[in-house]
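Right, one structure below, let's go through it.
The values are calculated or read from the model by the stated rules, or taken from the named source; none is laboratory data. Remember, predicted model here, so these are calculated numbers, not experimental data. Neighbour counts are summed over all protein chains in view; Cβ atoms, including those assigned to glycine, are modelled from backbone coordinates with ideal geometry. Side chains are part of the model used for accessible areas, which takes the heavy atoms of the whole protein and leaves out ligands, DNA and RNA. Shrake-Rupley method; radii C 1.70, N 1.55, O 1.52, S 1.80 Å.
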Amino acid sequence: MDAGGYGPAAAAIMSAGEEAARLWAELPVRVDWAAVAAQCAWAAARARALVVVPAVRALVYLSLAMTVMILVEKLFVCAVCIAVRALRLGPGRRYRWEPIAAAAGDVEAGAAARYPMVLVQIPMYNEREVYKLSIGAACALEWPAERFVIQVLDDSTDPVVKDLVEMECHRWMSKGVNIKYEVRGNRKGYKAGALKEGLKHDYIKDCQYIAMFDADFQPESDFLLRTIPFLVHNPEIALVQARWKFVNSDECLLTRFQEMSLDYHFKYEQEAGSAVYSFFGFNGTAGVWRISAINDAGGWKDRTTVEDMDLAVRAMLRGWKFVYVGDIKVKSELPSTFKAYRFQQHRWSCGPANLFKKMMVEILENKKVSLWSKIHLWYDFFFVGKVAAHTVTFIYYCFAIPVSVLFPEIQIPLWGVVYVPTVITLLKALGTPSSFHLVILWVLFENVMSLHRIKAAVSGLLDAGGRVNEWVVTEKLGDANKTKPTINGSDSIKVIDVNLTELDVKLTEPLIPKIVKRQTRFWERYHCSELFVGMCIILCGCYDVFYAKKGYYIFLFLQGTAFLVAGFGYVGTRPPSTA
């Protein structure tokens, strides 16, 4: 061993280090760290003045422009809806509507031939909690039994659920209902693939119309009697869309916020599109299609996760008209867990943006519809409604405004910070006046969700990422079972066939117990992206309080807190779990 107890290798390394230090000390060059710091500060100031500030200012101007575009669109939609209601220009006034018969109970022998053949499709995927309600409601539709067929398209991968759904179909079949249980070997194309496969069966060749209901939807018994006449008497109409009614909207704040957003969509956006353009986006359920229109548009396609909107746009470009009937309401269930809602919003944001990318050129080149219709479809329906609305919410309210407090050179006009956003919010809140007291919390939550919507919209536009064509079925917790379906004050529903026989079937029987899920570990409740954005916004608020003095800190603290609340998982209900 060498002196000091080190080995030869260690001693050599130490000697080399001492030699290097000696040589560095003998060099004539000295580093002036103060000068280096000054140079770095100068470079940072130049970059700030020439790059960062202009970029943020341009982002603010772009956001203001898109905000004004959204304001104009909201004002137009509300003005149209007010005019429709004031002048009573509902669908019954714009289109011919006559009952096929005075009432289903007055159907006489031989009169059923006047009723067109209708196919009722119910696509399902592991719908343990809601399958009985949807099947039962479809079987209760008032229509001659020999003039409609119910088709349950079951893509379930859980063998237990498949057996339960099949047993339920056979139970109704034994009671005289014309119901078919259909399965396929794979889930290719997801819902679009199931609907497309369902149209290949021989027994539907005589059907003229298709009524579609998702597994958690429960139509009233007179649904067909009120919708089919629009199609029968107006050959130019391809689709009749009904409104959604939510049975669990009061369950938690998450469902209340969804009700506020969807009520505006149905009461104003769908109504205005139907009244002015005879077009709107098909909602995928609670609607009746003309089969010949589906075939004319090219049938179902699975190129995006919004197969319903895809079909609607292609049918519109073929010259077909749509009608929205807000007086017809179909019960449905809202997702009450934050995880389920995030998956749903990803699909609803990514799919339309991806469809816009695929069809933007086709829309402009179309020769069958008017220039006015193409402008509406390209600019208003897609760009403003499906792209700008998602991107500007996050970029402006969650990035540009917080970051602007760091730059005194950037001043956002008061109308862009207060007046225009307030008017847009009030216009959207008109859809649900009963929840007006929640409007501030609703806006903060919508800004939180804009983080996921902008990610989904960008991935859809760029057609990038593994989740562009990902289809995650929205989880149902069976909340629709909390509301008993009643018709004419009775707890039972009636199936009326052409011979006036009534089959009473109780629908208040307990559903199959829910699947017991494992307990969620505490770290799985956290959402890192929300936590990160929330902390950044709160830091910007603190900077505004102590340095910027722009007065944005109240909004920034509230918005940052909303992100943290969502990030820690305190939104919505808890899914069932074990102890």
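Here are some notes:
- For the pair segment 64-80 and segment 265-327, the centres of their Cα atoms are 23 angstrom apart.
- Under-5 Å amide H pairs with Glu220, H placed in peptide plane, nonlocal only: Lys331
- Measuring between their Cα centroids, segment 362-390 and segment 527-544 lie 36 Å from each other.
- With 5 Å bins from 0: P(r) over segment 239-301, alpha-carbon pairs, percent: 4, 15, 21, 21, 15, 12, 7, 4, 1
- Solution diffusion estimate, µm²/s, Stokes-Einstein, segment 384-454, Kirkwood Rh from C-alpha pairs, 10 °C, viscosity 1.306 mPa s: 120
- Using θ = phi - 60° and Karplus 6.51 cos²θ - 1.76 cosθ + 1.60, couplings along segment 360-366 (whole Hz; Gly, Pro as x): 4, 6, 4, 5, 5, 8, 5
- Neighbourhood net charge (11 Å Cβ-Cβ; Lys/Arg +1, Asp/Glu -1) for Ser434: -2
- Exposure of Glu251 as accessible area (Å², to 10), given a probe of 1.4 Å and all protein chains: 60
- From phi via Karplus (6.51, -1.76, 1.60), per-residue ³J(HN,Hα) for segment 439-448 in Hz, x at Gly/Pro: 5, 5, 4, 5, 5, 4, 5, 4, 5, 4
- Interchain or long-range residues, amide H under 5 Å from Trp143's placed H: Ile496
- With 24 Å as the limit on Cα-Cα distance, the pairs of Lys267/Lys368; Lys329/Lys358; Lys205/Lys357; Lys301/Lys386 that go past it are Lys267/Lys368; Lys329/Lys358; Lys205/Lys357.
- With every protein chain in place, segment 377-419: carbon and sulfur % of accessible area (1.4 Å): 76
- Annotation: amide H-H contacts under 5 Å for Phe282 (H modelled 1.01 Å from N, sequence separation of 5 or more, or interchain): Ala312.
- For segment 361-425, the fraction of alpha-carbon pairs in successive 10 Å shells from zero, as %: 18, 34, 23, 18, 6, 0
- Applying D = kT/(6 pi eta Rh) to segment 256-344, where Rh is the Kirkwood radius over alpha-carbon pairs, T corresponds to 37 °C and eta to 0.692 mPa s, the Stokes-Einstein value obtained is 227 µm²/s.
- If you wrap the tightest convex hull around every Cα atom of segment 163-209 and split its volume per residue, you get 99 Å³.
- Accessible area per residue in Å² at 1.4 Å probe, computed on segment 142-274: 37
- Annotation for segment 322-428: trypsin sites (Lys or Arg not before Pro) lying in DSSP loop with at most 13 further Cβ atoms inside 10 Å of their Cβ are Lys367, Lys368.
- Kirkwood radius and radius of gyration were both taken over the C-alpha atoms of segment 192-351, and their ratio Rg/Rh is 0.96.
- For segment 258-274, 3J(HN,Hα) per residue [Karplus equation, 6.51 cos²θ - 1.76 cosθ + 1.60, θ = phi - 60°, Hz, x = Gly/Pro]: 5, 4, 4, 5, 6, 5, 5, 4, 7, 6, 10, 5, 5, 5, 5, x, 5
- Dipole of segment 260-341 [Lys/Arg +1, Asp/Glu -1 at C-beta], most positive-end residue of Ser278, Ser292, Tyr341: Ser292
- Each Cα pair under 8 Å and six or more residues apart adds its sequence gap; the mean of these over the residue count of segment 229-340 is a relative contact order of 46 percent.
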